[in-house]
Structures are given as structure tokens and as C-alpha cells.
1. Of V642, A659, Q632, which is farthest on the positive side of the dipole of the range 621-706, counting Cα position, with +1 on Lys and Arg Cβ, -1 on Asp and Glu Cβ, and the Cα centre as origin?
2. How do 98-108, 415-425, 395-405 rank on mean C-beta neighbours within 10 Å, highest first?
3. For F634, F331, what's the fewest-to-most ordering of other Cβ within 10 Å of each Cβ?
4. Where the only charges are on Cβ atoms (+1 Lys, Arg; -1 Asp, Glu), what is the dipole of the range 621-706 about its Cα centre, to the nearest 20 debye?
5. Might you report the magnitude of the Cβ-based charge dipole of the chain about its Cα centre, with Lys and Arg at +1 and Asp and Glu at -1, to the nearest 20 debye?
6. Could you tell me which residue out of W329, A221, P602 lies farthest along the dipole of the chain toward its positive end? Charges go on the beta carbon: Lys and Arg +1, Asp and Glu -1, centred on the Cα centre.
7. For the range 231-313, give the magnitude of the charge dipole about the Cα centre (Cβ charges: +1 Lys/Arg, -1 Asp/Glu; no others), in debye to the nearest 20.
8. Tell me the mean residue ellipticity at 222 nm calculated for the chain from its helices only (DSSP H runs of n ≥ 4, each -39500 (n - 2.57), averaged over every residue, nearest 500).
Amino acid sequence: MSWLVDARIALVLTVVVSCGCNLSTTKHSQPQTAGPGSVTEVRLVNADHEPGNWLAYGRTYNEERFSPLQEISGRNVNQLGLAWSFDLDTHRGQEATPIVVDGVMYFTSAWSRVFALNAATGALLWSYDPKVPREWGVNACCDVVNRGVALWKGKVYVGTLDGRLVALDAATGKLVWEQLTIDRNWRYTITGAPRIVKGKVIIGNGGGEFGVRGYVSAYDAESGQMVWRFYTVPGDPAKPFESPILAQAAKTWSGEWWKNGGGGTVWDAIVYDPELDLLYVGTGNGGPWNGKIRSPKGGDNLLTCSIVALRPETGEYVWHYQEDAADDWDFDSSEQIILADIPIDGKTRKVLLHAPKNGIFYVIDRENGAVISARPYTFINWATGVDLKTGRPMETDIAHYPGENPPPIVPGPLGAHSWQPMSYSPITGLTYIPVNDVGFKFKAADNFEFKKLAANYGIDTVAAGMPQDPTIKKAILDTVKGKLVAWDPVQQKQAWAVERPGPWNGGTLATAGNLVFEGTAAGRFEAYRADTGEKVWSFDAQTGVMAGPVTYTVKGEQYVAILAGWGGVFPLATGEVSFKSGRVRNVSRMLAFKLGGKASLPPLPEVEEPILNPPRSVADSATIHRGEALFQRFCASCHGDVAVSGGVLPDLRYSSTLANDRWFKIVRDGAYQSLGMVSFAKEVSQKDAADMRTYVIFRANQSKADQVPHK
């Protein structure tokens with residue numbers, strides 16, 4: 001294998017150098033700039049000419065997350081040490097990829113805060129707080145995270161959790177303009193990073209489980225005025241459709257889908273191809289998840305779970321490829337899209353590389369949307385593969401909620417691959433994917449009723465909860481795993497893999513130094529040989545690491561940086577399942593490394609374990625069961641499956657309010673609204689709240705008897 005890698009390195013370096021790119025990490029030059037953050041279209045299109053900068057979310061428009069830098073390599077990575085760290089004043093999830101331009105690092109934190117640091121020292125230059133109302137956090141399915149900023153001509157752009165697009169002065173962090181991009185009567189959020197294309201800021205949103213209708217918008221980068229908007233699912237057919245493709249899409253829906261939004265949100269994947277002048281967006285799941293509720297008479301439900309190609313100037317539809325027709329499983333196609341030119345049947349093809357939630361790796365012609373190849377990149381049981389003649393998945397008999405006791409579907413809603421970025425190395429020809437192996441029991445809900453403040457999945461959330469029988473629980477947890485997979489997109493097969501104790505590990509970075517970097521849910525930041533998967537370096541990050549790493553240079557010295565901090569939907573919602581990955585604290589920090597770095601992190605202070613001492617459980621089983629159903633629908637997405645917290649938000653089994661009426665002040669009166677816990681009085685009655693508490697008391701007593709540890 002090594003001779004092949006050496007040959008590929010020689011070929012890639014020859015091609016890159018012939019294009020005028022200087023790969024030297026000691027003498028490469030930076031362009032003359034007009035001031036801080038002066039990113040232009042020329043710089044973005046020619047980002048490979050600036051290997052020392054990380055100019056865009058995926059470094060270049062291709063979003064390969066491959067760096068030509070090679071000062072840090074497999075030969076000396078064991079000398080890598082911490083150069084500096086920057087602590088953040090939050091204990092929520094960290095998912096941002098930093099942008100590094102001309103020695104300045106720009107990144108976001110939880111609650112959509114923005115920071116600019118000296119990239120060589122970590123010194124704070126400025127910070128900006130958009131002051132997202134904490135009560136808006138109830139609208140975030142998956143933590144109050146943010147994945148990053150975009151830069152353009154001296155401005156920094158960020159989407160805020162409460163739906164604003166904000167432009168800041170890159171030199172000072174002062175507000176230049178902001179625009180509200182959503183209707184706040186609906187539960188939209190923005191967690192994804194904006195993209196800049198031809199002077200336009202492209203931004204989507206999330207909320208597919210909460211009754212929203214998906215769309216992606218373009219705003220003028222200078223004025224903030226909206227230029228165009230493309231809706232991804234059809235609205236009320238009694239009104240004019242916004243584009244011809246939506247009139248066609250409406251024929252694939254049934255019932256009154258528009259009353260529950262339809263979903264299809266563009267919450268992450270946005271990528272631009274300057275050669276073809278096409279903008280590609282990945283769309284999310286339909287809402288609710290259960291297709292029989294969403295579209296009772298069936299249909300493919302376009303354009304959910306699709307890759308859609310648009311004209312960036314106008315938002316005009318060009319083509320689409322739907323990866324999951326009639327999705328029943330929350331199989332978003334919003335996961336990162338990589339543009340690459342790879343050899344297929346003796347010819348170089350312009351392709352999209354995509355590893356969405358459904359567990360199938362797609363190679364798609366990016367000129368016309370035709371699927372070239374598709375094969376599972378990990379174990380799946382909902383389909384056997386894709387029929388290349390039709391482009392449709394070949395579903396198994398268990399795919400669509402059969403019977404009263406259906407088996408678990410693999411992967412589940414967590415996805416075989418979620419938002420954590422993958423990377424592609426043109427040297428090895430491999431894609432590096434953070435993979436989750438987690439199943440989920442989908443059972444249709446009885447008598448479903450849409451609730452604005454609930455998670456509207458359309459499934460039986462009690463049936464999906466973790467059983468408390470020790471034997472059954474162990475058998476389920478034994479199937480929960482994670483891994484780092486090196487995938488060959490040409491041969492459509494695994495080259496190597498690194499097994500993890502659990503899922504929800506970090507994004508990846510590939511470099512010309514024959515390295516792949518990845519953080520882990522168990523609190524490590526690690527490097528592997530890109531060709532073989534041999535681990536060559538590891539660092540104790542003291543917290544779970546989910547975000548994507550970057551590498552850059554300042555004054556010729558190469559750095560590798562990663563934003564660390566545990567959170568996201570996995571520890572928030574999955575309870576005991578999240579413990580498989582490693583029970584870590586949230587210690588939110590930016591970490592930067594260089595060869596010979598001598599900095600260190602302070603030891604973590606000891607934390608006294610709380611005592612589980614609930615009131616005695618005396619309720620009848622019917623009340624407990626009713627409380628469980630309410631808890632699983634209204635509370636579990638933040639406070640954990642079957643009332644077990646993954647450590648990000650409070651574990652209600654330990655709450656002092658179980659013994660007094662303070663519980664009702666919080667749940668119904670909004671006593672903690674300023675902390676993000678809104679009033680549920682419009683949808684949760686006094687009896688409902690009492691039954692929820694009864695269930696939590698029952699679970700607390702059950703846990704005490706089982707001596708379940710708490711973190």
C-alpha cells in the first residue's frame with residue numbers, strides 16, 4: 001500500500017505545484033490583503049494557492065477538508081504539543097469549524113456567539129454575542145450549537161439560533177447589519193454555517209420535527225437584502241407554487257401535509273462548484289418522521305432527503321437526486337457534500353461524494369445528478385443497497401414499521417453519519433467518515449396529534465425508550481458502537497477502520513503529511529496514518545470532541561486546531577446509550593497544537609457526585625405509563641431518554657422539585673424561562689405535569705434500586 005500512496009503523493013504534488021500552489025509550510029506566501037477578513041471570490045476559488053489559510057467551512061469550495069500542508073507528518077507528529085488554548089464560558093455543545101485568514105481565527109460557540117483570536121497565540125481580539133433569547137433553545141432539536149462563520153470582504157457572517165443572519169466587521173466585531181430569515185411563529189432554528197457564493201450569503205435552517213417548511217435563502221453580502229429563496233417542499237396547493245418543481249413535487253404528497261410544515265430543511269450541507277456554477281444543498285427529513293401521518297396516501301415526498309442543484313445567481317432549480325423516497329426514519333441528506341474529480345472506468349468524472357444518515361455511500365455525477373455508484377459504508381438493515389437503474393434504495397421487509405413489535409432499524413435517527421464532517425484525500429483516494437452504529441425501534445404512534453411544543457415524530461416514543469430489564473438493556477447497549485472508516489469511493493469498499501467504544505465522535509481532517517485527525521467522544525484528539533489507519537498521536541482533551549479540525553500556518557509554522565466541548569443531540573436525548581461513548585464533562589475550549597508545543601491544560605477539578613434521594617414512588621402503573629408517554633414526547637429530547645440525562649442538561653431524577661410544587665412553577669409557569677426552560681402551560685395540563693413528575697419519581701426510585709451512577 002505504501003508504494004501506491006507514495007506514487008499518489010508525487011502525482012498530487014506535481015499537479016498542485018503545476019497549478020502555482022506552493023506547498024511549503026515554511027516559505028509559502030500570502031496574498032496582499034486589504035485588511036482583516038478580506039476574503040474575495042478570487043481567493044475562495046483559488047484557495048489551494050493559500051495552503052496556510054483555512055478560508056471557508058471545508059477549506060475550499062470543494063469542501064474536501066484536505067490540507068496540502070505537510071510540516072506536520074507521520075514522521076514527526078509524535079512531537080506535536082499544545083501551543084495554546086482558549087476557554088469558553090459555556091457548558092453546551094461545540095460543533096464549529098474555525099475559519100483562519102491571515103493569522104486570525106474566527107469561530108462560533110454555543111448560543112451563536114462569535115470569537116476572533118490571534119491564530120498564533122490564542123489571544124482574544126474581539127467577541128460578539130447576538131444575545132439569543134434563552135427561551136428559543138426549546139426550538140433546537142439538537143442542542144444550542146453553531147457550526148461556524150463565513151468571511152467576505154472584511155465581514156464575518158453568522159446565522160443565529162433564533163433565525164437571524166448577522167454581518168460583523170471582521171476587524172472589530174461590531175454589528176454591520178442583521179436580517180431575520182425566518183417566521184418566528186414557527187420553530188425554526190439556524191445551527192449551520194453560512195456559505196458565500198458570488199457576493200451572496202447562502203443560509204438554511206432547521207426544525208423538521210417541529211412543523212416547519214424547509215427552504216434555503218441567498219442574501220446580498222453588502223446590504224443584507226434577500227436575493228432569492230428556494231423552498232424544498234411544496235406549500236398549500238390552494239396557493240400558487242413558488243417554482244415549477246414544487247408543482248411537480250406536490251404530486252408526490254398527499255393529505256394536508258402543509259399544515260405540519262413538511263420538513264425538508266437545509267440545516268447543514270451547502271456547497272458550490274465554481275466550474276459548473278452550481279450550488280448543491282442537502283435537504284432533511286420529512287416532518288413528522290412517520291410517512292403515514294405526513295402523507296397518508298403515500299408518495300415520495302419530494303424534495304425531502306435529497307441533493308438539489310440550484311443556480312446560485314437566482315435560486316433556479318436545475319436537478320435533484322432523492323436518496324430516501326418516502327423517508328420514515330429521519331434519514332436526512334443534509335450531511336456534508338464533497339466535490340471531487342475521481343477516476344471511474346478509466347475516465348475522470350466530476351462527482352459528489354455523500355455519506356448521509358442512511359448508511360449508503362453515494363458517488364453522484366455533479367453535472368446531472370445521476371447516481372454512479374452506491375453501497376453501504378457500514379451495517380444497515382433497512383435496505384440492501386440501491387438499484388442503480390432507478391436510483392432508489394432496495395428496501396427490506398422491516399423498513400416501514402411492520403407489526404406491533406417491529407425490530408430495530410439500523411441506523412436509527414442518529415444516522416450512520418451525521419453532521420460531523422468527513423474528509424477526502426486526493427493522495428490516498430480515501431474518504432474518512434466518522435460512523436455511528438446505533439439502531440432504533442420505530443413503531444407508529446397511536447392517535448397522533450400535532451403539538452407545537454412537542455417533538456412531532458409520529459412514532460411511539462415509549463416503545464423506542466430503553467428497556468430497564470438488565471439483560472435486554474445489555475443486549476441493546478452491546479450493539480451500540482462507533483468507528484472511523486476510511487472508504488474508497490472508486491472501489492466502494494472499506495480500506496481500514498478504527499473501532500470506537502461508542503458513536504458521536506468528531507469530524508475528520510486529512511493532510512498531505514499522510515495524516516488523519518479526529519476527536520473522540522471519550523475525550524481524546526488523535527492522529528492516524530491516512531494510508532493504513534495506524535494511530536500515531538493522541539492528546540487528552542478533557543472533554544468530548546465533536547467538531548471538525550483545521551490546519552493552518554502563521555509565519556511559516558503549521559498549527560492544527562480543534563474546538564472541543566461535549567453536547568449535541570446524542571448526549572441530550574439518548575440517555576444511557578450516550579454513556580457507551582464515554583461519560584465526559586463539557587469543558588468548552590479551542591485547542592491549537594504545533595510541533596514542540598509546550599502548553600498544558602489545568603487538571604479538572606473534582607466534582608462531588610449528587611445523591612439520588614427521591615420521594616417514594618406510590619403511583620399506579622397506569623399513571624406511570626401515562627407520565628412516561630408525556631415525558632418521552634415533551635421532555636426526553638433535552639433531559640434524556642427514560643429520564644436519564646447524558647450530562648449536558650440537568651438529570652431530573654436528582655431534582656429537588658420532585659418533592660414540592662416548584663415542579664409546576666417550572667413546567668407550567670416558566671420559572672426558568674431565562675435559562676431556556678419555557679412554559680408548557682398551553683400544551684401540558686396540571687395533571688399532565690403531575691403525571692410526568694410521577695414518572696420521573698418512579699424512574700428515580702428504579703435507578704436508586706439499580707444503583708445507576710450519575711455524572
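Every number in this text was worked out from the coordinates using simple rules, so none of it is lab data. On a predicted model such as this, the values are computed, not experimentally measured, just so you know. Every residue, glycine as well, gets a Cβ built from its backbone with ideal geometry; the counts of neighbours run over all protein chains shown.
1. In the range 621-706, that residue is A659.
2. Answer by packing, highest mean first, reads 415-425, 98-108, 395-405.
3. Taking fewest neighbouring Cβ atoms as first place, the list is F634, F331.
4. The dipole of the range 621-706 has a size of about 140 debye.
5. That gives the chain a dipole magnitude of about 800 debye.
6. P602
7. Taking the Cα centre of the range 231-313 as origin, the dipole is about 600 debye.
8. That comes out to -3500 deg cm²/dmol.
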